[in-house]
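S.K.: Okay, here's the structure, questions in a sec.
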Amino acid sequence: MTQVSHLHFSARRQQLMALMRAQGGGVAIIPTAREWTRNSDNTFPFRHDSYFYYLSGFTEPEAVIVLVANSTEESAMLFCRDKDVEREIWDGFRYGPAAAQATFGFDAAYSINDINAIMPGVLSDAATLFYSNAAEPHLDAQLQQWLQDVRAKNRTGISPPAVTVDVRVLLDEMRLFKDHVEIALMQRAASISGAAHTRAMRSARPGQFEYELEAELLYEFRRNGAQSPAYGSIVAAGANACVLHYQSNQAQINDGDLVLIDAGCEYDSYAADITRTFPVNGRFTPAQKTLYDIVLAAQTAALACAKPGARYMDGHHAAVRVLTEGMLETGLLDKQQVGSVDDAISSLAYREFYMHGTGHWLGLDVHDVGLYRENRVIADEKPYRQLEAGMVITIEPGMYVRPADHVPKEFWNIGIRIEDDILITADGHVNFSRDTPKTVSEIESEMRQSHSLQS
Ligand code: GLY
Ligand code: MN
Ligand code: MN
């Protein structure tokens, strides 16, 4: 793993504490995720909570961050597992509070076993509780008991926080804007993921199974130090590409099929999310090329809107227009039936072949946090927010053609999506996944090289 200095995480804690003070001060409680049983005595691979990680860099389970920020006091505390020589023989290293405090730069660290004894005192007379209800239900129950313990002291003049603020609302806005360390990690995640897509293209052969290409992706992720896929990889051949969340990856790939791969790794907790679509035999058919170039033109139109000042949905609207024009030109949509491009857009006729949005925020989570709309209502609508430098979005238009009598047969079962990861910068954007072959000629030439090497 890349070692990111703890100063970086403590600076984020400071930033959150400043926001807490601006709201009258109080106590923030941010737990990590819990471990889940998979079966028998096996657990699913542990993945820390993204908010918790964002503020700590600490990746062990059974941990809670507590921040105290008011006009007289500022303290960042960590509760974590004790050192346990016996358990460490079985499960591996644990920091324990003393080493965790020093390594991760907290003001104090305590055993997680002491949290019930310590927290009522921390919460006594706090003005505001900064906490996300129902995020980790096991902690909700503990918190109730802590507050009960504070209320029990009310005759001594001590009270519990009168106000609760959802701490995630503050953190979402912080997480939406990526700093230089995050940008470097996201570029690395996208570069590894792009290399994985290229590897899958190079190794694809008719007759293979989808899972064989999935294995190529995983190999490239892990050999480059990525911890895991950032989400379930989609490797969908032929008609399976029209199943938007296809993940079984079990089918055999026939000569002539397009393969849609939507896969990205998680690198030091940051996600990439890239989709490429290519012909398993290395050559697009004329019908595949026709639709592919429409989707690519739609993505190009959306990319032109990826700049500061554009509204979040501008890219989607631009992509929908190009896709709808293409649907009318190719006869996927019948002009007699749906009318003009504007008519087909306003009646949502295009949704038969393009039924999802054109992107989302990307960061620690593949569908990352942050408001998509402004927090005000104008003419009964909340406007989409403007893009700003430091935001990262995906741009992922597609087209999915299921067999139907009114659809030209040459296009049946073609599913295409093209997805890149885009950092908004002061003067436009940077495409993190720019090195992944994307045009018809780039893909065909990449595949031609690998095929000629093998034959
Ligand atoms: N891979 C999930 C998405 O593209 O949103
Ligand atoms: Mn996506
Ligand atoms: Mn995706």
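The values are calculated or read from the model by the stated rules, or taken from the named source; none is laboratory data. Predicted model, so just to flag it, every value in this text is computed and none were measured. We place every Cβ from the backbone using ideal geometry, glycine too, and count neighbours over all the protein chains shown. What goes into the accessible areas is simple: the full protein's heavy atoms, side chains included, and nothing from ligands, DNA or RNA. Shrake-Rupley method; radii C 1.70, N 1.55, O 1.52, S 1.80 Å.
S.K.: Nearest 500 deg cm²/dmol is fine: what mean residue ellipticity at 222 nm does the chain get from its DSSP H runs of n ≥ 4 alone, each adding -39,500 (n - 2.57), divided by its residue count?
M.R.: Details: 14 runs with 172 residues, N = 455.
Taking each H run of at least 4 residues, the total per residue is -12000 deg cm²/dmol.
S.K.: Sticking with this one: For residue 401, what is the net charge nearby, where nearby means another residue's Cβ is under 11 Å from its Cβ and Lys, Arg count +1, Asp, Glu -1? Walk me through the numbers on the way to the answer.
M.R.: Values: positive: 402, 409; negative: 352, 410.
That works out to 0.
S.K.: What spacing in nm lies between the two simple spin-label points modelled at residue 43 and residue 125, each 7 Å away from Cα in the Cβ direction?
M.R.: Between residue 43 and residue 125, the simple spin-label model gives 3.8 nm.
S.K.: Please enumerate, by chain and number, the lysines with C-alpha under 29 Å from the C-alpha of residue 335, excluding those fewer than 8 residues away in the same chain.
M.R.: Answer for residue 335, where 29 Å is the Cα cut-off: 289, 409, listed by chain and number.
S.K.: Here is a follow-up. Going through the DSSP H helices of the chain, which span 27 Å or more along their own axis at the Cα atoms while scoring at least -0.5 as a mean Kyte-Doolittle hydropathy? Show your work: numbers first, answer last.
M.R.: Details: long enough: 180-203 (34 Å, 0.05).
Qualifying helices, which must be both long enough and hydrophobic enough, are 180-203.
S.K.: Compute the projected area of the convex hull of the Cα atoms of the chain, averaged over all viewing directions, and report it in nm² to one decimal place. Present the calculation step by step, with values, prior to reporting the outcome.
M.R.: Values: hull surface 105.4 nm².
If you wrap the Cα atoms of the chain in a convex hull and average its projections, you get 26.4 nm².
S.K.: Please compute, over every Cα-Cα pair in region 192-294, the percentage with a separation greater than 17 angstrom. Working shown, then result.
M.R.: Working: 2496 of 5253 pairs.
Beyond 17 Å sits 48 percent of the P(r) for region 192-294.
S.K.: Along the charge dipole of the chain, Cβ charges K/R +1 and D/E -1, which of 441, 72, 318 sits furthest on the positive end?
M.R.: The residue sitting most towards the positive pole is 72.
S.K.: Accessible area of residue 439, 1.4 Å probe, to the nearest 10 Å²?
M.R.: Accessible area, nearest 10 Å²: 50 Å².
S.K.: So who's got an amide H within less than 5 Å of the one on residue 59, skipping anything under 5 residues away but keeping other chains? H placed 1.01 Å off N, in plane.
M.R.: Counting only residues 5 or more places away or on other chains, the set is empty.
S.K.: Separate question: Taking a virtual spin label 7 Å from the Cα of residue 223 along the C-beta vector, which residues in region 173-198 bring their backbone nitrogen under 17 Å of it?
M.R.: Backbone N within reach: 191-198.
S.K.: Follow-up question, since we're still on this one. Let me spell out the model: positive unit charges on the Cβ of Lys and Arg, negative unit charges on the Cβ of Asp and Glu, origin at the Cα centre of region 180-316. What dipole size does that give, in debye rounded to 20?
M.R.: Details: 11 positive and 14 negative charges, 70 e Å.
Dipole magnitude for region 180-316 comes out near 340 debye.
S.K.: A follow-up question, please. Residues with amide H under 5 Å of residue 356's amide H, sequence separation 5 or more or different chain, H placed in the peptide plane at 1.01 Å from N; which?
M.R.: Excluding prolines and chain starts, which carry no amide H, there are no hits.
S.K.: Report, to two decimal places, the Cα Rg of region 249-395 normalised by 2.2 N^0.38 Å (N = number of residues). Numbers along the way, then the final one.
M.R.: Values: Rg = 17.7 Å, N = 147, 2.2 N^0.38 = 14.7 Å.
Compared with the compact-globule rule of thumb, region 249-395 sits at 1.20.
S.K.: Given all pairs of different Cα atoms, what value in angstroms does the Kirkwood hydrodynamic radius of region 328-384 take? Could the numbers behind the result be given before it?
M.R.: Working: mean 1/r = 0.0699 Å⁻¹.
The answer is 14.3 Å.
S.K.: What do you get for Rg/Rh of region 25-89 when both radii come from the Cα atoms and Rh is the Kirkwood radius?
M.R.: Working: Rg = 14.7 Å, Rh = 13.5 Å.
When Rh is taken as the Kirkwood radius, the ratio is 1.09.
S.K.: Please list, in order along region 124-129, the HN-Hα scalar couplings obtained from phi with the Karplus expression 6.51 cos²θ - 1.76 cosθ + 1.60 (θ = phi - 60°), rounded to whole Hz, x for Gly and Pro.
M.R.: 4, 6, 5, 5, 10, 9
S.K.: Okay, moving on. How long is region 268-325 along each principal axis, judged by its Cα atoms, biggest number first, in Å?
M.R.: 41, 39, 12
S.K.: Using the Cα centre as the reference, give the magnitude of the dipole from point charges on the C-beta atoms of the chain (Lys, Arg: +1; Asp, Glu: -1; all else neutral), rounded to the nearest 20 debye.
M.R.: Values: 40 positive and 59 negative charges, 56 e Å.
The calculated dipole for the chain is roughly 260 debye.
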